[in-house]
Amino acid sequence: MALLILLVVSAIALGVGARALRGLGLEEEPAPDRACFALGIGLGCTAYGVLALGLVRQLAPIPVGVLLLGLAALGARPGLALAREGAASLRRRGAGGSALAAVTGGALAFLLLLALAAALAPPSGGDWDGLSYHLADPAIYIRRRGIVYLFWESHSNFPFTVEMLYAIGLLLKSPEGARLFHWLYLALACLTLASAWRRLWPDAPPGARWLAPLLLAATPMLFWCATVAYIDLALMAYTLLALYATWLWARTARGGWLWASGICLGLALGVKMTGGLTALLLAPVVLVIGWRAGAAVRSLLAWGGIAAAVAAPWYIKSYLYTGNPVYPFFYHLFPQTRYWNAGIAATYAEHQAGFGLGRGLRHLLAAPWDLVAHPDRFSDGPASFQILFESTGPALLALAPAVLLLRRRDPLAWGMLLFTAVYGLIWFHLTQQTRYLVPVFPLLALVGARGLCGLGVGSAAREGPARERTRPGAPARRERRARSGTRRAPAGPPVAAQEPPMKPGGDGLGIARLAGAGTVGITVAAVLLSGLLIVEPALPVVLGRESREAYLSRTLDVYPVCAYANAALPPDARVMLIHEVRGLYLERDYLWGNEGHHARIPWQEFADEAEMRRFLRRELGVTHVLINHHILAKDARPGKGSWERTLWEAIHAGTLAPEYEARGFSLHALAGE
């Protein structure tokens, strides 16, 4: 079922996106490029369709099914045509494949299949954010037939484009099918890099087109992300598409690419607010390209307006629900934010600033090394997990600087490094979490692959002027434009030729080439081995040798108490979670209760446990409390300044009576007044 959901929705999205590209006048562009943009834009259109249904409280199987049928009908003809063109292009490229393409393409395929196998298991212990909100919030929306305000869950007021795709899988009772969409975005980014390779560097070895995708997929953090229901890979894919579309606009002067860039940027902003960093850095580029074409302001306004229009629904929704369009950030600008206060905002900001090793100049200069050597300081979770799966890995950061040693400067590669460096500088001063760097990983992969080719990996180095491949009829169109006097925008960043990069002799170049290839090989091997650690526990349930119930009971500590609540509590029960947020498998109404998640419960103001019970019953309708005692033991005695004080008073007084206990979790019934 999970794979079927992925294939059907992907096919529908491809058709819808192909229809959109026709509307943008891009139907003559190469099929591989169009396929990548069509899939990305089509997935966004599908997600926004689900959003529309959720806003009108029609988030149910029949309305969503009608939506998908309508989208399928809209995109059937252009989607089939694009699929045929793409298949023909693949046959042509496959006919002249090189050994390097076979090896790197095969390794990439194996990595993606390995990640897919892990993603096919039910979301479990390692999928923390998915269990907490990426999947859990859409599951709540489905139970309520639409998008509702969850005052207790700040993330629910973030942009939720990817979560709308997850809702499709959840509607079909397949959390596994839901999180495959996140895996799909990694595959989309890899295909985009492969498609872009020959247009970015026409004289680079054709067989090297899979090097950049392989470097990307072999990044430990990205491989792990492809196995869970997060959103970072979608942000990365849309950022890459927006950047690539901007470059295509500069190279071809086709206005449709400017529109495509704006749409993809808007979708990036609709995935995560940090997409604003890309908008901030890409705006000057759009302005300069537009200025060279004689339409600087008009181009920038069109591009920015499109992006803002695409992203706007999420920020308008947040403003209407909370009074803050970028909730819960910038509280000092929006002090009227609902169920938030200065204390919680300060704690939130302190947590965000707590990552990294410092903010001095020496820490900035050492950041690339520290990201590889100390991954645990740039992420959270168990130390062993951080080291294995939340690292950038050595390949991206080690290989990218090789382009600086090219004898002939490559402006495009240098521009990518500059964009990445400025992005990293902003990241350094905001929150030093590795996941927040993910949007620029594709640029590092491209530059790293370019550096490898400069070392001679893939073919003998060649010199000579760069020649961009042209489509049939392109020279004739240029000639007609010249005769008619049609103005064409100046070409964008020049395309560098493949040339001998190093000044040292053959021995030095050979050692550098061996070191570069060895770095890739070791990185891929390490990710394959660590990937097996993720896949091995999931294989029994994926292959049908273990039931879903048994797998979740074995791998998710909170699952037994959730299963009991689903079976034993009445349908109208409302459960408050204490020191626990993973509510995906809890099929009763619930809310997070901890101080710090929201300001709705005045924990510090309760005089005693009786006043607390009255408030929880009357104001919030709480009937039961689920507590994670791994955080605070059942026999603890919280002090007067602790917000948990009245809860534990109720436990000891027997007015918070235990109903079920398992694996460090307890479910209590809240006594009446």
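The values are calculated or read from the model by the stated rules, or taken from the named source; none is laboratory data. Source: prediction; values computed, not measured. All Cβ positions, even for glycine, are placed from backbone atoms using ideal geometry, and neighbour counts span all protein chains on display. Surface accessibility is based on the protein's heavy atoms, side chains included, excluding ligands, DNA and RNA. Shrake-Rupley method; radii C 1.70, N 1.55, O 1.52, S 1.80 Å.
Among residues of the range 140-188 being among the small types (Gly, Ala, Ser) and under 16 Å from ALA2 (Cβ atoms), the one that is surrounded by the most Cβ atoms within 10 Å (Cβ to Cβ) is ALA178.
For the residues ALA83, ALA99, ALA73, the requirement of being in contact with a helix residue (DSSP H, G or I) (Cβ under 8 Å, 6 or more places away or on another chain), surrounded by fewer than 20 Cβ atoms within 10 Å (Cβ to Cβ) and more than 30 Å from VAL524 (Cα to Cα) singles out ALA83. Residue count for the range 117-131, restricted to those that are open to solvent by less than 20 Å² (accessible area, probe 1.4 Å) and touching a Ser or Thr at 6+ places or on another chain (Cβ under 9 Å): 7.
Output yes when any residue across the range 201-208 is within 22 Å of PHE441 (Cα to Cα), open to solvent by 10 Å² or more (accessible area, probe 1.4 Å) and outside any helix (DSSP H, G or I), and no when none is. Within the range 201-208 (the criterion being within 22 Å of PHE441 (Cα to Cα), open to solvent by 10 Å² or more (accessible area, probe 1.4 Å) and outside any helix (DSSP H, G or I)), the answer is no, since none of the residues qualifies.
Residues checked against (1) open to solvent by 20 Å² or more (accessible area, probe 1.4 Å); (2) over 35 Å from the mean Cα position of the chain (by Cα):
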position	(1), (2)
LEU569	no, yes
HIS598	no, no
GLU605	yes, yes
LEU616	no, yes
ASN628	no, no
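Restricted to the range 628-665, and to residues there that are assigned to a strand (DSSP E or B) and touching a Phe, Trp or Tyr at 6+ places or on another chain (Cβ under 7 Å), the residue that is nearest to TYR564 (Cα to Cα) is TYR660. One residue alone among PHE389, PHE378, PHE419, PHE441 is surrounded by 16 or more Cβ atoms within 10 Å (Cβ to Cβ) and at pLDDT below 85, and that residue is PHE389.
Looking across the range 510-547 at every residue that is farther than 27 Å from GLU390 by Cβ and in contact (Cβ under 8 Å) with a residue 40 or more places away in the chain, the one that is surrounded by the most Cβ atoms within 10 Å (Cβ to Cβ) is identified as ALA512. Residues in the range 18-35 that are part of a helix (DSSP H, G or I) and closer than 13 Å to ALA245 by Cβ: ALA20, LEU21, ASP33, ARG34.
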